[in-house]
Every structure is written in structure tokens, then in C-alpha cells.
Amino acid sequence: MNFNYAERMSSLKASEIREILKITQRPEVISFAGGLPAPELFPIEAIKEVNRIVLEEDGQGALQYTTTEGYNSLRKWCAQRMNKRLGTNFNFENILITHGSQQALDLTGKVFLNKGDIVLCESPTYLAAISAFKAYECNFIEVPTDDDGMIASELENIFKNTDRIKIIYTIPEFQNPTGRTWSIERRKAIAEMASKYNVIVIEDNPYGELRFEGETLPSIKSFDKSGHVLCSGTFSKIFCPGFRIGWIAGDKEIIQKYVLVKQGTDLQCNTIAQRVIAKYLELYNIDEHIEKIRKVYKERRDLALETMESEFPKEIQYTRPQGGLFMWIELPEKINVRNVLERCLERNVAFVPGGSFFPNGGHENTFRINFSNMPNDRIVEGIKNIAEVLREFV
Ligand SMILES: Cc1ncc(COP(=O)(O)O)c(C=O)c1O
């Protein structure tokens with residue numbers, strides 16, 4: 001049927017990951033595809049208990065509409081956590097609770113982007129950020145990126161030669177998809193440039209708490225003197241994604257604009273989900289819980305890396321992330337990874353081809369591996385299977 005869709009729909013297509021994830025529903029498939037946390041670590045018993053307490057203490061409030069900004073004690077926790085870990089200086093009025101940090105990205109597009117505006121991003125970057133911003137009919141410039149983050153001199157060149165840059169989107173810690181972490185110098189440089197060129201930086205940080213080794217680094221926001229940097233965070237990777245609770249933090253004036261657009265989007269976040277998380281944070285020790293997650297993921301990363309080191313052909317390059325959920329593989333340029341994926345799927349192993357993470361295409365010789373969601377034995381078996389297929393191609 002020839003339905004009369006909005007023009008913006010012509011640039012949107014189904015995400016490749018969603019298609020691959022359908023295949024990975026089959027229990028025999030070893031999936032390195034989705035960015036899924038390990039479900040066996042969800043604190044189900046604690047959540048049952050907290051749910052009961054929340055409903056007993058104030059069931060009516062927990063099931064009622066609430067403010068768009070979010071539940072104040074949860075906002076306070078988010079501000080304090082960021083101040084403690086990331087060297088920021090937020091209070092609860094700087095925080096808007098969102099439905100996952102994904103919603104913070106969509107609201108960012110709604111607040112800042114006009115058709116034809118430019119978003120700068122890492123190359124590669126998070127696939128669903130591309131989808132969120134694209135819906136606002138922007139164009140992307142991929143900033144050349146190395147192991148330390150966006151290359152500052154390249155960024156400066158782009159600024160000098162380009163009009164209409166509105167947003168710089170960054171994931172400075174254990175990036176999705178590469179697992180890379182930005183150096184302090186690059187963090188500082190981008191904060192300074194944002195101020196100089198009057199551009200908003202989104203510092204998206206869902207994985208920062210999941211550091212396996214090395215020291216926590218100061219955030220981009222900690223170098224921001226002019227209010228141009230906004231930080232997003234989430235409970236998805238340190239608690240559970242099903243609650244869909246995250247946040248965006250920034251200058252109060254900007255956060256008020258986000259509140260305005262969120263009212264039109266969904267009025268507010270799920271009241272009881274916010275209350276349950278806040279009560280969990282009050283009654284349980286989330287640091288102990290995060291420590292458990294770190295331990296399991298570190299073991300999985302180590303196993304994946306050890307197996308890659310012993311089994312992958314020497315021509316193949318990959319990142320060695322210090323935390324998070326992902327690593328990034330680069331094959332010799334002549335190999336198209338979609339052919340590799342086809343052969344791997346025949347062996348019941350899945351991953352996501354890297355091309356989708358580049359908003360302007362190309363890079364079909366790359367792929368992403370998620371190591372958080374499979375038990376140890378399946379990680380080893382899956383990586384060995386990929387290695388056998390790679391040997392056919394190299
Ligand atoms: C970089 C990045 N940002 C945001 C999100 C969205 O997470 P959520 O909406 O669950 O907080 C993800 C999820 O994988 C991500 O990798």
C-alpha cells in the first residue's frame with residue numbers, strides 16, 4: 001500500500017542486529033551478537049523483596065503518575081554517583097530520569113537537531129545512536145578515531161571546515177562497538193573544543209562502572225567549564241535492562257528543555273520501576289553487586305582473548321578492552337565479513353558485522369564480539385569455531 005509516511009521514514013531501516021538477534025533466539029546458537037548482560041546475574045530475589053516493600057510502604061504512590069523529571073531520591077543517587085566516580089558537580093536538579101539511556105539519545109535529537117544539522121561521532125559508533133539521531137534527519141561526520149578516542153587535530157579541522165555542527169556524540173569508556181577507552185588528554189581537548197565552537201557533547205557512558213583493571217578516569221564533563229557537556233547513564237548494565245531506567249545529566253537550563261520534550265514523548269518514566277530501583281539502592285549494596293558482574297565479565301573477556309590469541313590467524317587484529325562488554329575485530333581488507341558470518345551461522349555462531357556501526361558505510365572487513373552473555377565453555381567453543389572459519393578466508 002502506498003501510505004503517506006513522513007519524509008524522515010525514508011532514511012530509516014530495520015537494524016541488522018535485530019535481524020541477527022532473531023536467529024540467536026535458537027538455543028543451539030552461540031551468540032556474540034547482542035549487547036546483552038548476563039541474565040543469571042540479575043538480582044531477582046532482591047527485586048522480589050524490594051517490590052513487596054515498595055508496594056506495602058506506598059503502593060498507591062508507586063502506581064500513580066509522577067513528575068516528568070523523575071523520582072527525587074533516584075535523581076539524587078545518580079548525581080552523587082557521578083560526582084563520586086566521574087569528578088562532576090551535579091545535584092538532583094541536573095538529572096532527568098529517562099527510559100534507558102537510549103531515550104536520552106532520542107530526546108537529544110528532539111531538543112537539538114534540525115533537518116540537515118551535523119552530528120559528529122566516533123568511527124565506528126553505537127548503532128542505535130545512529131538510528132536515534134537519523135530520525136531527526138541529520139547528517140553524520142565520522143571523526144577519525146584511534147585507541148585513545150577521537151583524534152583532536154582531526155576534530156579541529158572538521159570544525160574549521162564545516163557549518164551546522166550541533167552535537168558531538170561520544171562513548172569514552174569501553175566503547176560500543178570497539179571496547180576502547182579515551183585518554184585523559186582527548187577528554188580534555190574535546191571539552192575545550194565544545195566550548196570554543198559552541199557545540200553540545202553527549203558523553204554516553206553505560207559501561208564505565210564495568211572496569212576490570214586500571215584506574216577510573218575523569219569524565220569529559222569534569223573538564224567542561226561552559227555547560228556544553230551532557231552525560232547519560234543507565235541501570236541497564238549494572239542492574240538490569242528490563243526496567244528501562246537511565247538518566248541524562250547536564251546544565252539545568254538544558255535539562256528543562258529535555259523535560260519539555262519528554263512530556264510530549266511519554267509524560268514520565270515508569271513510576272514503580274524508579275521506586276524499586278531507589279529502594280534497592282537504599283537497602284542493598286550495589287557496589288557488591290557490580291563487583292560480581294565485573295568478576296564474571298572479566299573472566300569471560302580473558303577466556304575470549306586467550307582463545308583468540310591461540311586460535312586466530314596472525315593477520316587478524318583485535319582490541320583488548322579493559323572493561324565493558326565488547327571487542328572489535330579487523331580482518332584483512334579483502335575479506336567481506338558477511339561471508340564469514342554466513343559460514344559461522346552454519347556452525348551456529350553469531351556476531352554483528354561492523355559495517356552497521358559506521359553511519360556513512362564501508363568497513364565491511366570488521367565485526368563486533370560481545371563476551372558478557374555466554375557461559376565460559378560456549379565462549380571457548382564459539383571463538384574456536386570463528387577461528388576455523390577465519391582460517392578458510394585468510
Ligand atoms: C553506547 C550505548 N548507549 C546507550 C545504550 C542504551 O542502553 P539503555 O537504553 O538500556 O540504557 C547502549 C546499549 O547497549 C549503548 O551501548
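Here is the figure for segment 203-242: residues that are within 16 Å of the chain's Cα centre (by Cα), part of a loop (DSSP other than H, G, I, E, B) and either within 12 Å of the ligand (Cβ to nearest atom) or modelled with pLDDT under 95 (or both) total 11. Does any residue of segment 64-81 turn out to be at negative phi, free of Cβ contacts under 8 Å to residues at least 40 places away in the same chain, out of contact with any strand residue (DSSP E or B) (no Cβ under 9 Å at 6 or more places or on another chain) and within 12 Å of the ligand (Cβ to nearest atom)? No, there is no match, as no residue in segment 64-81 is at negative phi, free of Cβ contacts under 8 Å to residues at least 40 places away in the same chain, out of contact with any strand residue (DSSP E or B) (no Cβ under 9 Å at 6 or more places or on another chain) and within 12 Å of the ligand (Cβ to nearest atom). In segment 226-241, the residues that are more than 15 Å from Val201 (Cβ to Cβ) and touching a residue at least 40 places away in the same chain (Cβ under 8 Å) reach residues that are more than 12 Å from the ligand (Cβ to nearest atom) and assigned to a loop (DSSP other than H, G, I, E, B) with C-beta atoms within less than 6 angstrom, at least six apart or across chains, in these pairs: Ile238/Glu209; Cys240/Phe42. Residues in segment 236-270 that are surrounded by fewer than 19 Cβ atoms within 10 Å (Cβ to Cβ) and closer than 21 Å to Glu282 by Cα: Cys240, Gly242, Arg244, Asn270.
Leu120 fulfils the conditions (1) closer than 24 Å to Thr216 by Cβ; (2) in contact (Cβ under 8 Å) with a residue 40 or more places away in the chain; (3) away from the ligand (no atom under 14 Å from the Cβ) except for a single criterion, (1). Flag not set for Phe133, criterion: in a strand (DSSP E or B), within 16 Å of the ligand (Cβ to nearest atom) and either crowded, with 18+ Cβ neighbours inside 10 Å or modelled with pLDDT under 95 (or both). Kindly indicate the residue of segment 243-280 that is without any contact (Cβ under 8 Å) to a residue 40 or more places away in the chain and within 16 Å of the ligand (Cβ to nearest atom) and also farthest from Ser73 (Cα to Cα) among those meeting that condition. This residue is Phe243. The residue of segment 158-173 that is nearest to the ligand (Cβ to nearest atom), among those that are basic (Lys, Arg) and either touching a residue at least 24 places away in the same chain (Cβ under 8 Å) or in contact with a helix residue (DSSP H, G or I) (Cβ under 9 Å, 6 or more places away or on another chain) (or both), is Lys166.
The values are calculated or read from the model by the stated rules, or taken from the named source; none is laboratory data. Remember, it's a predicted structure, so these values are computed and weren't measured experimentally. Don't worry about glycine lacking a Cβ; one is built from the backbone with ideal geometry, like all the others, and counts go over all protein chains shown.
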